[in-house]
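Down below is the structure, laid out as structure tokens.
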């Protein structure tokens with residue numbers, strides 16, 4: 001995990017800013033940067049009560065502000081106070097099903113939040129790199145088994161994925177501003193279905209599995225035949241930092257994928273792996289909905305660019321990602337291991353300590 005430029009350039013006076021740092025990925029990324037000794041600050045909405053951030057008692061552990069990314073003036077004041085050298089933009093409304101009930105709010109947060117970040121950052125003379133995290137769901141999905149590459153066509157089929165395609169257009173527009181008039185280097189980053197210990201968001205397979213397991217309720221599983229590129233949260237986060245290091249070295253990069261090795265596994269295949277580690281919920285109900293009308297059936301990412309350019313490789317396979325996720329919960333709920341120690345165990349596995 002060579003990150004020479006992050007260690008050389010990032011400092012307490014010019015840290016890395018994570019927007020959405022109270023979310024699942026943001027919390028893991030903050031911890032990873034801390035373990036690497038790289039200064040980090042955060043800007044986000046307040047955490048959910050049952051979030052990983054809350055479980056780890058993270059409030060006040062780094063310089064942070066709880067506020068809406070859609071308030072441009074507050075965001076601009078924050079970055080001018082702390083002068084981040086790079087921004088990793090995770091703040092978003094991330095749930096497909098929620099986007100159907102609140103499409104306007106999804107577009108406002110995901111698109112205009114990103115626009116506000118761009119406008120504030122481009123007024124500064126200290127932000128060198130902006131990394132915008134989108135999703136594998138931005139690709140025009142043909143529900144085939146093909147692997148999507150960075151240059152493939154983009155198209156959203158639901159409010160969430162459509163908003164993220166719009167975010168991709170925002171990134172492209174500001175990349176052109178940089179090319180023509182100067183400004184921070186920008187990259188859009190697309191990852192697969194991220195899993196890992198501590199995620200408790202609704203309408204996600206692993207949080208639903210843990211809730212059913214611990215409350216003796218029925219696990220209701222949408223679309224068991226659908227495939228997803230499952231990956232442990234630390235694998236793409238490692239890729240984000242390697243790409244950031246690449247950009248802070250003066251290189252350019254328009255977009256990049258981080259996905260697991262091998263063919264994407266079906267939902268029901270991942271469930272079978274879970275049961276190998278911790279017994280399954282007492283009852284599982286498979287919901288045979290019309291998946292194509294709501295969520296994509298097949299998703300697979302091509303990560304050859306990341307492997308070739310950054311020498312990135314995932315540490316966990318899809319099955320071992322599922323095992324590590326269930327094992328995290330088993331340690332915390334059954335073995336009384338502190339959640340922060342369970343996280344640090346996984347981080348140590350990634351960075352080889």
Please determine, by comparing only the residues of the stretch 246-275 that are farther than 21 Å from residue 302 by Cβ, surrounded by fewer than 21 Cβ atoms within 10 Å (Cβ to Cβ) and touching a helix residue (DSSP H, G or I) at 6+ places or on another chain (Cβ under 7 Å), which one is modelled with the lowest pLDDT.
273
Which count do you get for residues in the stretch 276-308 that are touching a helix residue (DSSP H, G or I) at 6+ places or on another chain (Cβ under 7 Å) and at pLDDT 95 or above?
1
State which residue pairs qualify: first residue under 12 Å from residue 56 (Cα atoms) and inside the stretch 326-342, second residue outside any helix (DSSP H, G or I) in any location, beta carbons under 7 Å apart, and separation of 6 or more residues or different chains.
339/56; 339/198; 340/56; 342/197
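When the residues of the stretch 125-143 are filtered to those that are outside any strand (DSSP E or B) and out of contact with any helix residue (DSSP H, G or I) (no Cβ under 7 Å at 6 or more places or on another chain), which remaining residue is surrounded by the fewest Cβ atoms within 10 Å (Cβ to Cβ)?
In this case the residue turns out to be 125.
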Scanning the stretch 69-90 residue by residue, those touching a strand residue (DSSP E or B) at 6+ places or on another chain (Cβ under 9 Å) and part of a loop (DSSP other than H, G, I, E, B) turn out to be 69, 84, 85, 90
If I filter the stretch 54-67 for residues that are free of Cβ contacts under 8 Å to residues at least 40 places away in the same chain, closer than 17 Å to residue 90 by Cα and surrounded by fewer than 18 Cβ atoms within 10 Å (Cβ to Cβ), do I get at least one hit?
yes
Consider residue 157 against the criteria (1) touching a helix residue (DSSP H, G or I) at 6+ places or on another chain (Cβ under 6 Å); (2) in a loop (DSSP other than H, G, I, E, B): it satisfies all of them except one. Which criterion is unmet?
(1)
Suppose we keep only residues that are within 12 Å of the chain's Cα centre (by Cα) and not in a loop (DSSP other than H, G, I, E, B) within the stretch 1-29. Which one would you say is surrounded by the most Cβ atoms within 10 Å (Cβ to Cβ)?
18
If residue 49 meets every condition in (1) part of a loop (DSSP other than H, G, I, E, B); (2) in contact (Cβ under 8 Å) with a residue 40 or more places away in the chain apart from one, which number is that one?
(2)
Over the stretch 331-353, the set of residues over 18 Å from the mean Cα position of the chain (by Cα) and surrounded by 18 or more Cβ atoms within 10 Å (Cβ to Cβ) is 332, 339, 342
The stretch 162-216: number of residues that are closer than 19 Å to residue 254 by Cα and part of a helix (DSSP H, G or I):
19
Selection from the stretch 91-124 of residues assigned to a loop (DSSP other than H, G, I, E, B), under 19 Å from the mean Cα position of the chain (by Cα) and surrounded by fewer than 23 Cβ atoms within 10 Å (Cβ to Cβ) yields 93, 94, 95
Please give the number of the condition residue 332 fails out of (1) in contact with a helix residue (DSSP H, G or I) (Cβ under 6 Å, 6 or more places away or on another chain); (2) in a loop (DSSP other than H, G, I, E, B); (3) farther than 30 Å from residue 7 by Cα.
(2)
Within the stretch 144-168, residues surrounded by fewer than 17 Cβ atoms within 10 Å (Cβ to Cβ) and under 27 Å from residue 225 (Cβ atoms) come out as 144, 145, 146, 149, 152, 153, 155
Residue hits (the stretch 257-266; in contact with a strand residue (DSSP E or B) (Cβ under 6 Å, 6 or more places away or on another chain), touching a residue at least 60 places away in the same chain (Cβ under 8 Å) and either farther than 15 Å from residue 232 by Cβ or part of a helix (DSSP H, G or I) (or both)) are 257
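The values are calculated or read from the model by the stated rules, or taken from the named source; none is laboratory data. This is a predicted model, so every value here is computed, not measured. Quick reminder, even Gly has a Cβ in these numbers, built from the backbone with ideal geometry, and neighbours come from all protein chains shown.
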